[in-house]
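The values are calculated or read from the model by the stated rules, or taken from the named source; none is laboratory data. Predicted model, so just to flag it, every value in this text is computed and none were measured. For neighbour counting, all protein chains shown are included, and Cβ atoms are generated from backbone atoms with ideal geometry for every residue, glycine included.
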Number of protein chains: 2
Amino acid sequence: MVVGIIGLGLMGGSLGLELKDFDFIDKVIGYDKNLEHQKEALELNIVDEIVELKEIKKCDVIFLAIPVEGIIKIVKNLTDIDKNSTIIDLGSTKEKIVESIPKEIRKNFVAAHPMTGTEKFGPKAAFKGLYKDKIVVLCNIEDSGKEQADIAKKIFTSLKMKIVYMDAKEHDRHAAFISHLPHAISYALANSVLKQEDPKSILILAAGGFRDMSRLAKSSPNMWRDIFKQNRENLLESIDVFKKELKYAQKLIEEKKWDELKEWMQKATTLHDIL
Amino acid sequence: MVVGIIGLGLMGGSLGLELKDFDFIDKVIGYDKNLEHQKEALELNIVDEIVELKEIKKCDVIFLAIPVEGIIKIVKNLTDIDKNSTIIDLGSTKEKIVESIPKEIRKNFVAAHPMTGTEKFGPKAAFKGLYKDKIVVLCNIEDSGKEQADIAKKIFTSLKMKIVYMDAKEHDRHAAFISHLPHAISYALANSVLKQEDPKSILILAAGGFRDMSRLAKSSPNMWRDIFKQNRENLLESIDVFKKELKYAQKLIEEKKWDELKEWMQKATTLHDIL
């Protein structure tokens, strides 16, 4: 089986590093529109070969590991793949992506979202183990061909991932709260500090808490603009929910209602009974 | 030199574990009003002995490692210490604490804020290395006696901490942005998810990003209610700044101004050039 990866950054690159070890995969080839990334990917042994996009189309399995707007653009040009091929996208949004799949290749397509990543990007950010023990969400799997679904499951299982099935709409709503809202908050927190008179003298005090809360604000603005664009409605709703919570806390602090504030915080700590 | 620690949780406990190794410290004794914590602290070898509060008063150095409201209460009862003693508080707020120090022991007092911690609390959370390579802020050090300031510096340097000097007012403003606001945000994020119809099915998707962003929401509501109370004005101001940033992003998303949104995120990523 020959696997082709489009996009050799953190997600695609880490995937390449793993897939080359699987005995059911003969060869991993890759494409990245960024020439520098092509070179890096070869140097880092992420893929066996860098090829043109048209070569990727001949692969048995094609991974789309590019920003979500790129997935929607590229999928239109994949209608001439072999009828048994499997296309797996790794995008962080799912509804707009599944809507964009041309009918003639819908069965070839498996919509996946591996719930993993770091704030880093590019081939140099790739590492073995990114996928291990993490969740991967497969969306609207009933619309994929059985053969294609089986191949995707085999690969994700070999990566030691835990598979969760979900409707694309539901996925996007959940992803807004668990991932997209936290990113928006982290960018907002970073900008709040940067707007202060002397950010340096504030940042000298940064400890683990602030580092954790601002880590996501290192993430690729290109990639996240696309995600926010595709999950706009859910994200706006989640921001509204969050703003209400913060406003409630603010009101309690303003009105010096310390017992109610403690209760509100106590409620928040129960999250970790579920998490 | 005999050191007494009041409060044997994460901060006081981790301190006890370290101080016992220093050759200039002969004995570390402790007090905690929680009987269970007293027992745990002895079992975990955090202190050599558990004593009554009146015994602590006889120590050469007294650490106050309790919630900030507790510090203000207890400091009034420390006027009968030996005139050469050093009292060091480890509270997360500083302005209200320095204001509360009785004049007759002002020179004995060193106001410190070690910029370290975890979301855990109690003696079981204590560990060696909590202080190592971290910043400690010493506030209004010109109001402390020279001998007392020197002892504090010696201890923090022995803990391998980096000392930063700051005015208490300035500290509190900075701490609001770097620590108190991030905690309020984390509690609000946790409560936002908990308010949803089916938090479990959202939380199953949690990866590193969400875990980092919600970690602070595990912190002790008792301790944080006190901090929010003492740093109320700065915290409210920082929440306002943050809300403006988030509102700006929300507006760009609503109006589909994707280029401006990317610029806003790009600006946020520059935080990490300073941090």
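Can you spot a residue in the range A:76-86 that is surrounded by fewer than 19 Cβ atoms within 10 Å (Cβ to Cβ), within 22 Å of A:M223 (Cα to Cα) and of a type outside the set (G, A, S)? Yes: one or more hits. Only a single criterion out of (1) crowded, with 18+ Cβ neighbours inside 10 Å; (2) within 7 Å of another protein chain (Cβ to nearest Cβ); (3) part of a helix (DSSP H, G or I) is not satisfied by B:N234, namely (2).
For B:F177, the conditions (1) of a type outside the set (S, T, N, Q); (2) more than 30 Å from A:Q250 (Cα to Cα); (3) assigned by TED's automatic domain parsing to the domain that holds B:P221 all hold with the exception of (2).
Restricting the search to the range A:253-275, which residues are under 14 Å from B:Q230 (Cα atoms), surrounded by fewer than 13 Cβ atoms within 10 Å (Cβ to Cβ) and either touching a residue at least 60 places away in the same chain (Cβ under 8 Å) or more than 7 Å from chain B (Cβ to nearest Cβ) (or both)? Of everything in the range A:253-275, those that are under 14 Å from B:Q230 (Cα atoms), surrounded by fewer than 13 Cβ atoms within 10 Å (Cβ to Cβ) and either touching a residue at least 60 places away in the same chain (Cβ under 8 Å) or more than 7 Å from chain B (Cβ to nearest Cβ) (or both) turn out to be A:E255, A:K256. Can you tell me which residue within the range B:135-149, out of those that are away from chain A (no Cβ under 11 Å) and in a strand (DSSP E or B), is nearest to B:H113 (Cα to Cα)? This residue is B:L138. Scanning the range B:202-214 for any residue that is more than 7 Å from chain A (Cβ to nearest Cβ) and either among the polar types (S, T, N, Q) or touching a His at 6+ places or on another chain (Cβ under 8 Å) (or both) turns up nothing. Looking for something within 19 Å of B:I66 (Cβ to Cβ) and not assigned by TED's automatic domain parsing to the domain that holds B:A125 - is there at least one such residue anywhere in the range B:187-202? No, that holds for no residue. Residue count for the range B:23-52, restricted to those that are exposed (fewer than 15 other Cβ atoms within 10 Å of the Cβ) and either part of a helix (DSSP H, G or I) or of a type in the set (V, I, T) (or both): 4. Against the numbered list (1) more than 16 Å from the chain's Cα centre (by Cα); (2) modelled with pLDDT under 95, B:K120 comes up short only at (1). Could you please find all residues in the range B:221-256 being of a type outside the set (A, V, I, L, M, F, W, C) and closer than 14 Å to A:D259 by Cα? Scanning the range B:221-256 gives B:P221, B:N222, B:R225, B:D226, B:K229.
Can you name the residue in the range B:181-201 that is of a type in the set (D, E, K, R) and facing chain A (nearest Cβ under 7 Å) and, of all such residues, is nearest to B:K96 (Cα to Cα)? Among those residues, the one meeting the criterion is B:K195. Name the residues in the range A:164-180 that are in a helix (DSSP H, G or I) and more than 7 Å from chain B (Cβ to nearest Cβ), would you? Result: A:A168, A:K169, A:E170, A:H171, A:D172, A:R173, A:A176, A:H180. The listed residues are B:A112, B:A152, and the only one of them that is closer than 25 Å to B:E40 by Cβ, in the same structural domain as B:I50 (by TED's automatic domain parsing) and not in a loop (DSSP other than H, G, I, E, B) turns out to be B:A112. Number of residues in the range A:151-163 that are touching a strand residue (DSSP E or B) at 6+ places or on another chain (Cβ under 9 Å) and either away from chain B (no Cβ under 14 Å) or charged (D, E, K, R) (or both): the value is 8. Scanning the range A:188-205 for residues that are in a helix (DSSP H, G or I) and either surrounded by fewer than 24 Cβ atoms within 10 Å (Cβ to Cβ) or of a type outside the set (G, A, S) (or both) yields A:L189, A:N191, A:V193, A:L194, A:P199, A:K200, A:S201, A:I202, A:L203. Can we say A:W224 is of a type in the set (F, W, Y), touching a His at 6+ places or on another chain (Cβ under 7 Å) and facing chain B (nearest Cβ under 7 Å)? Yes: the conditions hold for A:W224.
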